[in-house]
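The values are calculated or read from the model by the stated rules, or taken from the named source; none is laboratory data. Keep in mind it's a predicted model, so treat the numbers as computed, not measured. Neighbour counts run over all protein chains shown; Cβ positions are idealised from the backbone, glycine included.
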Amino acid sequence: MHPPTLLHFFETQQHGVDHSQHLLSVIGDIAQACKLVAREVSHGALLGNMGNVGHENIQGEQQKTLDVISNDIFIKMAEDNPYIAGIASEEMEHTLEFSAKAGGFLLVFDPLDGSSNVNLNLSVGSIFSVLPGPDSEGPLTEQDFLQLGTQQVCAGYALYGTSTMLVLTTGQGVNGFTLDPDSGEFMLTHPAMRIAPEAQEFAINMSNQRFWQPPVQRYIDECLAGTQGARGKDFNMRWVASMVAEVHRLLIRGGVFLYPLDSRTKGKGGRLRLLYEASPMGWLIEQAGGLATTGHKRLLEIEPTALHQRVPVILGAQEEVELLLSYHSLKDPTA
Ligand code: F6P
């Protein structure tokens with residue numbers, strides 16, 4: 001028997017869950033946009049789209065041609081969908097409003113996360129978060145997008161790796177769908193994804209070690225000490241520099257991911273963006289049984305103050321994140 005397709009799964013398999021036709025339409029169109037981005041990414045150097053556009057985006061990062069192409073794909077999809085009232089993107093300073101669709105959902109996304117990996121032919125992805133639209137009539141404001149992560153109605157990512165996958169939640173667990181290149185359909189291949197509470201693998205950019213704060217220094221030092229140290233076991237390390245690939249690995253084989261606060265990014269609040277990186281990934285991880293925090297606060301309970309706000313991110317296996325939380329709560333985390 002064939003596994004169910006994405007929409008068939010949401011229409012039929014999550015019994016007792018009210019997935020409105022409007023939300024299903026949005027999910028279907030996000031999946032469609034991800035297929036188009038996958039297609040662009042898979043052309044590699046053939047279409048001459050591997051370079052930079054020659055200026056920085058709002059984040060101060062070199063914008064890649066594929067960032068712009070992917071962003072345009074998401075904008076067009078959202079404009080055409082009857083139930084998306086407005087969007088915010090990593091690639092755009094301001095939100096976009098589709099005024100004819102007042103009352104619809106708000107879509108926040110990073111159209112091509114980890115795009116520095118594109119030229120290397122390594123994994124990249126798209127991250128998205130669907131939020132309820134405002135109750136009130138009238139033009140949307142940026143404020144309407146500044147919602148707690150707990151308000152999300154759907155969140156997920158597409159991973160453009162050796163295969164293209166769509167992994168998402170609507171609040172009833174996490175399910176992964178693989179794009180069948182023959183039929184062009186996303187098929188359920190990874191039902192009910194879970195993260196084991198214990199772990200022996202961590203992901204962090206070790207080159208930033210000297211900038212970290214004491215709780216993270218201590219945690220990583222203890223992991224590196226292996227069987228000889230306080231943890232009494234050896235740890236493995238991975239760093240792909242693509243958050244989507246990193247979170248996907250956590251969902252497949254566990255572990256913990258950190259992009260913590262450090263002395264360089266402190267003034268900015270952190271490295272990763274709250275609304276379209278930390279919040280959707282945090283919800284996915286929680287839905288898979290893990291935890292997601294800044295070290296002091298649950299990611300989903302951070303009150304956003306700006307569209308492109310950055311936050312420290314620690315997420316993954318419950319026991320590891322709890323240990324990190326306990327180190328952050330100590331007056332002297334080295335003790
Ligand atoms: O947000 C952008 C991003 O590419 C993430 O996907 C990734 O986790 C991180 O930045 C990589 O950071 P660094 O360049 O420090 O390795």
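Quick look at the values:
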read-out	value
Among the residues listed as ALA230, ALA196, ALA225, the single one being surrounded by fewer than 20 Cβ atoms within 10 Å (Cβ to Cβ), hydrophobic (A, V, I, L, M, F, W, C) and under 19 Å from ASN175 (Cβ atoms)	ALA196
Single match in ILE58, ILE30 (criterion: touching a residue at least 60 places away in the same chain (Cβ under 8 Å), within 20 Å of the chain's Cα centre (by Cα), assigned to a helix (DSSP H, G or I) and farther than 21 Å from THR162 by Cβ)	ILE30
Residue in region 191-215 that is farthest from PHE235 (Cα to Cα), counting only those that are in contact (Cβ under 8 Å) with a residue 40 or more places away in the chain and either within 14 Å of the ligand (Cβ to nearest atom) or in a strand (DSSP E or B) (or both)	PHE211
Odd one out for GLY173, checked against (1) over 20 Å from the mean Cα position of the chain (by Cα); (2) on the phi > 0 side of the Ramachandran plot	(1)
Residue in region 130-144 that is small (Gly, Ala, Ser), away from the ligand (no atom under 16 Å from the Cβ), more than 20 Å from THR95 (Cβ to Cβ) and not assigned by TED's automatic domain parsing to the domain that holds ILE285 present	no
Selected residue [polar (S, T, N, Q), within 16 Å of the ligand (Cβ to nearest atom) and farther than 18 Å from GLU277 by Cα] from ASN81, ASN119, ASN71	ASN119
Residues satisfying the stated conditions in region 244-280, i.e. charged (D, E, K, R) and within 12 Å of the ligand (Cβ to nearest atom)	GLU246, ARG249, ASP262, ARG264, ARG271, ARG273, GLU277
Among (1) within 13 Å of the chain's Cα centre (by Cα); (2) buried (at least 21 other Cβ atoms within 10 Å of the Cβ); (3) within 16 Å of the ligand (Cβ to nearest atom); (4) not hydrophobic (A, V, I, L, M, F, W, C) - the single one THR294 does not satisfy	(1)
Residues of region 112-145 that turn out to be in contact with a strand residue (DSSP E or B) (Cβ under 7 Å, 6 or more places away or on another chain) and either within 23 Å of LYS35 (Cβ to Cβ) or surrounded by 13 or more Cβ atoms within 10 Å (Cβ to Cβ) (or both), as a count	20
Boolean, GLY282 is in contact (Cβ under 8 Å) with a residue 12 or more places away in the chain, at positive phi and not charged (D, E, K, R)	no
Residue within region 167-177 that is touching a residue at least 40 places away in the same chain (Cβ under 8 Å) and not assigned by TED's automatic domain parsing to the domain that holds ILE27 present	no
